[in-house]
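Notes follow the structure.
Throughout, read-outs are computed from the coordinates displayed, never taken from laboratory work. All values reported here derive from a predicted model rather than from experimental measurement. In this analysis, Cβ positions are derived from the backbone assuming ideal geometry, glycine residues included, and neighbour counts consider all displayed protein chains.
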Amino acid sequence: MMKRLLALLAVLLALAPVPAVAWGEYAHRQTASIAEANVSPEVRAKIRALLARQKDLATPDCPLGTLQDAAVWPDCLRGEGWRWGYTFAWHYRTAPVCKAFDPRANCAGGNCVTAQIQRAQRVLADERLPTHERLEALAFMVHFAGDVHMPLHSGDNEDQGGNARKADYGIKPGLNLHSIWDGPLAERAISDPADPVVRRYTPAERAELAGGSPDDWGRESWEIARSFVYPTAFDTENLCDGTLPEKTALSQEDIVRGVPIARQRVLQSGLRIARLLEEAFQPGPLVPDEPRRRRN
Ligand SMILES: [Zn+2]
């Protein structure tokens, strides 16, 4: 009897609905927790000092008191388009998975995720700038360094990064491909209590996981979208011959194969955020000033 009850409980737990928000609140918050566990105490103190000034940003509906809050703050701003609408294009840099990758495309005026990570890091590093600007930059940097790791913030197949492809997630209907990778898949990937993602990583692990530049991370995501996300979701090896259906379903097997990939992206993101933070709070300029070119 007890065994059967436990089995039933396990089934019910597996079926419990998971919140489906953007690389969901949960995944973003976890990247911040990974980062926080892997920066030096000095950097943690500097972060705390900035966050203590959250009132200066005047976003009472979007709290910014912890690094975890910072990781979701830019998504929270979507409710205030009149004030923050100019930042809404900064969350992604999608490129078609059926064309050659062009590292210079889709970032007009620096309005894309990879450029904004770099801009935010530079603002954060500059102690001459007003605190509220640096705090804002902290939140943008932490959040966008998460977004860029979600494959469908980089890969697109004429469907707004999978948003326009309806998809079932196992037996759960009514999602789309983007929301699956944002929400339930990412959450399942980082929710194994026997193997927690938030911990202090060894220098060797960090060396392996935290490398590259924002452009590299976007390219990795695009590659995963092209070689895994779309082919798996649509059971096709010839992704680019003909058009994809508007609707699909991820089988249990697809989900199980996706889990380690989604998990890896969250880990990389957390440790790379830690690196961005360490670099930003190091004394001295991040990048030498480019020679100014005159333009008329
Ligand atoms: Zn975002």
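Sort 90, 84 so the one with the fewest other Cβ atoms within 10 Å of its own Cβ comes first.
84, 90
When the charge dipole of the range 21-280 is built from unit charges on Cβ atoms (+1 for Lys and Arg, -1 for Asp and Glu) and taken about the Cα centre, the candidate among 273, 197, 101 whose Cα reaches farthest toward its positive end is 273. When exposed loop sites are taken as GluC sites (Glu not before Pro) in a DSSP loop with at most 14 other Cβ atoms within 10 Å, the longest stretch of the chain clear of them is 1-126.
Relative to the longest principal axis of the Cα atoms of the chain, helix 113-125 runs at roughly 40 degrees. Across the chain the C-alpha pair distances fall into 5 Å bins from zero in the proportions 1, 5, 11, 16, 17, 16, 13, 9, 6, 3, 1, 0, 0, 0, 0, 0, 0 percent. By how many degrees, between 0 and 90 and to the nearest 10, does the Cα long axis of helix 214-224 differ from the longest principal axis of the chain? Helix 214-224 and the main axis of the chain meet at about 10 degrees.
Charge tally for residue 262 (other residues, Cβ to Cβ under 11 Å; Lys, Arg +1; Asp, Glu -1): +2.
Computed extension length for residue 100-residue 84: 2.5 nm, one decimal, from 0.36 nm per residue of separation with the Cα-Cα distance subtracted.
Comparing 24, 252, 59 along the charge dipole axis of the chain, the residue lying farthest to the positive side is 59, per the Cβ-charge model.
Entry note, the chain: the mean residue ellipticity at 222 nm calculated from DSSP H runs of n ≥ 4, each adding -39500 (n - 2.57), is -15000 deg cm²/dmol after division by the residues and rounding to the nearest 500. As a ratio to 2.2 N^0.38 Å, the alpha-carbon radius of gyration for the range 64-152 is 1.13.
Angle of helix 67-76 to the longest C-alpha principal axis of the chain, folded into 0 to 90 degrees and rounded to 10: 80°.
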